[in-house]
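All remarks here apply to the structure that follows.
The values are calculated or read from the model by the stated rules, or taken from the named source; none is laboratory data. In this text the structure is predicted, and so the values were computed from the model without any measurement. Note that each Cβ is placed from the backbone with ideal geometry, even for glycine, and that neighbours are counted across all protein chains shown. These accessible areas exclude ligands, DNA and RNA; they are computed on the full protein's heavy atoms, side chains included. Shrake-Rupley method; radii C 1.70, N 1.55, O 1.52, S 1.80 Å.
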Amino acid sequence: MKKIYIKLGVICLSLFAITTSCEEELDLSNPTALSLEELLQTENGFELLANGVLDAYQKVPTNEFLLIELRSDNVRANTENGNFPEINRYNVDPNNGDVATYYSNNMATIKHANTIIDNRFLAPENQQYAVGEAYFMRALCHFNLVRAYQNIPYIDKVLDINADEARDYPQLPESEVYDKIISDFTTSIAFLNGGTQNKYRPTEGAAICLAAKAYLSQPNPNYAEAELLLSSVVENSASFGYSLLFTEPGSATDFTGDGVISDREYAANLALDFGNVFGNDIPIEYNDTEGEAVLNGEWTNNPGLEINDEIVFSIAYDFVSSDNYATSDSGLDDQVQTDSESFSFAMTLLGPSNGVNIASLDFLDIMTPVLQPVRFPVSFRAVSVNTDDLLNDTFNAKYPTNGEIGDNDWIVLRYADVLLLYAEAILAGSNSTTDQRALDAYNQIRARAGLEEVFPVLTKQQLLDERRVEFVYENQRLYDLIRFGEADDALQQFSNNNNLSYTADKKYLPFPQRELDNLPNFYTQNNGY
């Protein structure tokens, strides 16, 4: 984890104890064990508990790509590699390990958050923000779960397993879960109001935007409330510190030094902007053969670029040389979570060894160097691209870290998403809009992508298509299709074209068999499994 906090804790919660290190930099060799009661009485106990919630969440993204993006029409898996092709075919087993650990890692983070919320009346005035962060993270984890599994329990306290309290929390209808998510985000806004802007911690701005996204995602979207929330951020973006990383034509770098910025040279400027969003950098050199400045080589992570104005909220990871990194199924007692973990092996440079993060042929039809001169070189590894061979495996470049011991942060929300969600809220479920606010928000994204503006009408399909190419490999496509009401048509067609097994019931994951077995005759398995 990046050095975010004045005092940074490595916190592992159980029912009885918390292990924490209170050094300014991580001290992995001599942690101090405190009971919960002792920690709550320390001067910075709630701060350390809040750090523990963020620390626990570091495990959550490790399964998301395999369970979410791999079940969209953006990517595919090689047929000979483990159970990944079966996930890609929509044949997900309820006993699948990733299905179980994604659920339990979100629930573990919820337990950490509930520890703070259960004791919130003990929080001193100068640590009330920790309570707001806990409500935020509880809402975020349930938001992850309801979108993945649909009907889930909403856990609002630390459960006593000896009292069998889990049976007081049945699966709820999707709409009721969203009501509670929005309520928690709203509560967090009140606690976080006026707080410090920190890209690595929950903030008021992030809570406002994610509450709006929840309003848009619920079964009966509340477009009016989402629009009000998003407009409060978009119209005051400077006060929140949010903006797109974007170089205006008049400010572009003249890499060739000839006093002229060619279209391709400007696209190279914009590609640098887009790559910098993810904390990545790449050399730009003059190419004698082509007579222009071009991107040269491979993207590499530069931690100094990761805290930028486009990030609304991200989960920090740091590179530490160690054999003790965390994975999605690591136990809390067998590793130190902040010690050198990357959010997903499948998403990194070594992902291809598992036969995943390969662009689907359908996606490569719309994501080409000609159609997407800025996004294409940022999204795909140059060494894997062969535009003359459509069957060539083309791999992700957004997270150029070296396997699980890596350094790329995981972006939960960025301002490009906020702008497109704002346009979506204004569209309000219609097929098109001429509202200038929606067009302005949408065209900001187009300009950074080096594409022509759209006017005087923005359509629902244009917005969905733009989100697809902007957020590829960011685990958004499946949820976008569901939110826009297009999942069944798009994924059924994709399935038919590629001999897959999609049905309408397969939009959602199976409820983990492990949870069904732990509480026999209590939870209900999702349809289709």
GluC sites (Glu not before Pro) in the stretch 450-529 lying in a DSSP loop, each with at most 16 other Cβ atoms within 10 Å of its Cβ, come to Glu452, Glu453, Glu486
Taking protein heavy atoms only, a 1.4 Å probe, and rounding to whole percent, the accessible area of the stretch 467-524 owed to carbon and sulfur comes out at 36 percent
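Considering only Cα-Cα distances, which of the following residue pairs are longer than 20 Å: Lys398/Lys460; Lys157/Lys180; Lys213/Lys506?
On the way: Lys398/Lys460 26 Å; Lys157/Lys180 13 Å; Lys213/Lys506 22 Å.
Beyond 20 Å between Cα atoms: Lys398/Lys460; Lys213/Lys506.
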Amide H neighbours of Phe380 at under 5 Å, excluding residues fewer than 5 places away on the same chain, with H built from the backbone geometry, are Ala397
Counting sequence-distant residues (5 or more places) and residues on other chains, those with an amide H built under 5 Å from that of Ile358 are Arg76
Given a Förster distance of 25 Å, the FRET efficiency implied by the Cβ-Cβ spacing of Asp489 and Asn78, rounded to the nearest 0.05, works out to 0.40
Share of accessible surface on carbon and sulfur in the stretch 25-145, whole %, 1.4 Å probe and ligands ignored, is 47 percent
Simple SL model, points at 7 angstrom along Cα→Cβ for Asn162 and Thr186; separation in nm is 3.8 nm
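Mind ranking Leu228, Leu54 by accessible surface for me, highest first, 1.4 Å probe?
Values: Leu228 115, Leu54 5 Å².
My answer, sorted largest first, is Leu228, Leu54.
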With label points set 7 Å from each Cα along the Cα-to-Cβ direction at Leu519 and Thr196, the distance between them in nm comes to 3.9 nm
Here the stretch 367-373 yields Karplus 3J(HN,Hα) values (6.51, -1.76, 1.60; θ = phi - 60°; whole Hz; Gly and Pro given as x) of 10, 10, x, 7, 6, 9, x
Expressed in square angstrom to the nearest 10, the accessible area of Asp435 with a 1.4 Å probe stands at 40 Å²
